[in-house]
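**Student:** Once you've had a glance at the structure underneath, I'll fire off some questions.
The values are calculated or read from the model by the stated rules, or taken from the named source; none is laboratory data. Being a predicted model, the structure only gives us computed values, none of them experimental. When we count neighbours, we look across all protein chains shown, and the Cβ atoms used for this are built from the backbone with ideal geometry, even at glycine. Side chains included, ligands, DNA and RNA excluded: accessible areas come from the protein's heavy atoms. Shrake-Rupley method; radii C 1.70, N 1.55, O 1.52, S 1.80 Å.
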Amino acid sequence: MRLDKFLTECGLGSRREVKEILRTGEITVNGIIANNPQMNIKENSDEVFYQEKKLEYKKFRYYILNKKAGYITAVEDNSEQTVMELLPDWVIKKDLVPVGRLDKDTEGLLLLTNDGALNHKLLSPKSHVEKTYYADLEKDILEDDLTKLRNGLDIGGYITMPAKASKVDSNKIHLTIKEGKFHQVKKMLEAVGNKVVFLKRISFGKLNLDNLELGEVKEINSEDII
Ligand code: URA
């Protein structure tokens, strides 16, 4: 692989920007300063360093973010803050997109990747990836409401698939759904005459928040997802 392509895919910048970096002499390949963008390197075995940091080549990257409320799930927006603004500098942003969407006021686990095929697969209606939410509700939840949530209910022309629902406290629940309709959790609670006042996604497939603080990001492997 060409050195400039390697550096671009490691997130150092555009082809033009990495050419500039190469001119500074801050890139070494196997301990020798490399200036030539066209140099051919073995991306999986050559040791490439930038400012004493070893660069690791990965075609696809996967990150989880514990999203804060107040940020919209989009790559860019003219008026709102986006989840991309929560990502620290070390995250490689090239082609990175969120998988699915959390509402602006929802917190919790958001997966981001540049792996378009996996993104597509996870979002496909057939994929049935389990997503678990914690919700604080305006009113106490009844046993009968939990049964309705579990069996599936009409959220405005759509009958939800069977779900898992359990009471955490009188007005707090865990709800696990296998779909991702627009505002689905909020609509399901509305359908039983209640209202979500706080919502947080705590797991997505095999992923969970573990000890990830609010606003924090972690790089993960694709095998950890489903
Ligand atoms: N369901 C909702 O209503 N909102 C979210 O952000 C996610 C699931």
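**Student:** Cβ-Cβ distance below 8 Å, separation of 6 or more or different chains: which pairs start in region 76-90 with a residue that is free of Cβ contacts under 8 Å to residues at least 60 places away in the same chain and end on one that is polar (S, T, N, Q) and not in a helix (DSSP H, G or I)?
**Tutor:** Glu76/Thr82; Thr82/Thr73; Val83/Thr73
**Student:** Continuing with the same structure: I'd like the residue in region 188-226 that is open to solvent by less than 70 Å² (accessible area, probe 1.4 Å) and over 17 Å from the mean Cα position of the chain (by Cα) and, out of all such residues, is farthest from Tyr158 (Cα to Cα).
**Tutor:** Step one: list which residues in region 188-226 are open to solvent by less than 70 Å² (accessible area, probe 1.4 Å), which gives 188-189, 191-194, 196, 198-205, 207-209, 212, 215, 217, 219-220, 222, 224-225.
Pick out the ones that are also over 17 Å from the mean Cα position of the chain (by Cα) and you get 188-189, 191-194, 196, 198.
On the way: Met188: 10, Leu189: 14, Ala191: 11, Val192: 15, Gly193: 17, Asn194: 18, Val196: 19, Phe198: 23 Å.
The qualifying residue farthest from Tyr158 (Cα to Cα) is Phe198.
**Student:** Of everything in region 196-209 that's within 11 Å of the ligand (Cβ to nearest atom) and charged (D, E, K, R), which residue is farthest from Thr176 (Cα to Cα)?
**Tutor:** It comes out as Lys200.
**Student:** If I go through region 189-226 residue by residue, how many of them are farther than 17 Å from Ala69 by Cα, in a strand (DSSP E or B) and touching an Asp or Glu at 6+ places or on another chain (Cβ under 7 Å)? Show your work before the answer.
**Tutor:** From region 189-226, those farther than 17 Å from Ala69 by Cα are 189-195, 204-208, 210-211, 218-226; that's our starting set.
Subset that is in a strand (DSSP E or B): 204, 207-208, 218-220.
Right, trim to touching an Asp or Glu at 6+ places or on another chain (Cβ under 7 Å) and you get 207.
Residues in region 189-226 being farther than 17 Å from Ala69 by Cα, in a strand (DSSP E or B) and touching an Asp or Glu at 6+ places or on another chain (Cβ under 7 Å): 1 in total.
**Student:** Let me ask something else about it. Report every pair of residues separated by at least 6 positions or lying on different chains whose Cβ atoms are under 6 Å apart, first residue within region 180-197 and touching a residue at least 60 places away in the same chain (Cβ under 8 Å), second open to solvent by 50 Å² or more (accessible area, probe 1.4 Å) and more than 7 Å from the ligand (Cβ to nearest atom).
**Tutor:** As it stands, the answer is Val197/Glu138, since those pairs meet every condition given.
**Student:** If you don't mind, another one. Which residues, taken from region 3-19, are open to solvent by 30 Å² or more (accessible area, probe 1.4 Å), touching a residue at least 24 places away in the same chain (Cβ under 8 Å) and part of a helix (DSSP H, G or I)?
**Tutor:** Glu9
**Student:** While we're on this one: Output the residues belonging to region 29-63 that are modelled with pLDDT under 95 and β-branched (Val, Ile, Thr).
**Tutor:** Within region 29-63, no residue meets the criteria.
**Student:** Considering only residues that are open to solvent by less than 30 Å² (accessible area, probe 1.4 Å) and among the polar types (S, T, N, Q), look in region 140-185 and name the one that is nearest to Ile72 (Cα to Cα). First the steps, then the outcome.
**Tutor:** Let us first name the residues in region 140-185 that are open to solvent by less than 30 Å² (accessible area, probe 1.4 Å), namely 141, 145-146, 149, 152-153, 155, 160, 163, 165, 173, 175-177, 179, 184-185.
Now drop any that are not among the polar types (S, T, N, Q), which leaves 160, 176, 184.
Numbers: Thr160: 25, Thr176: 22, Gln184: 17 Å.
Per the stated criteria, the residue is Gln184.
**Student:** Residues of region 82-139 being of a type in the set (Val, Ile, Thr) and open to solvent by 30 Å² or more (accessible area, probe 1.4 Å), which ones?
**Tutor:** Result: Val97, single match.
**Student:** Is region 40-49 home to any residue that is touching a residue at least 12 places away in the same chain (Cβ under 8 Å), surrounded by fewer than 17 Cβ atoms within 10 Å (Cβ to Cβ), farther than 21 Å from Leu110 by Cβ and among the aromatic types (Phe, Trp, Tyr)?
**Tutor:** Checking region 40-49: at least one residue is touching a residue at least 12 places away in the same chain (Cβ under 8 Å), surrounded by fewer than 17 Cβ atoms within 10 Å (Cβ to Cβ), farther than 21 Å from Leu110 by Cβ and among the aromatic types (Phe, Trp, Tyr).
**Student:** Might you let me know whether region 21-31 holds any residue that is charged (D, E, K, R), touching a residue at least 12 places away in the same chain (Cβ under 8 Å) and touching a Phe, Trp or Tyr at 6+ places or on another chain (Cβ under 9 Å)?
**Tutor:** yes
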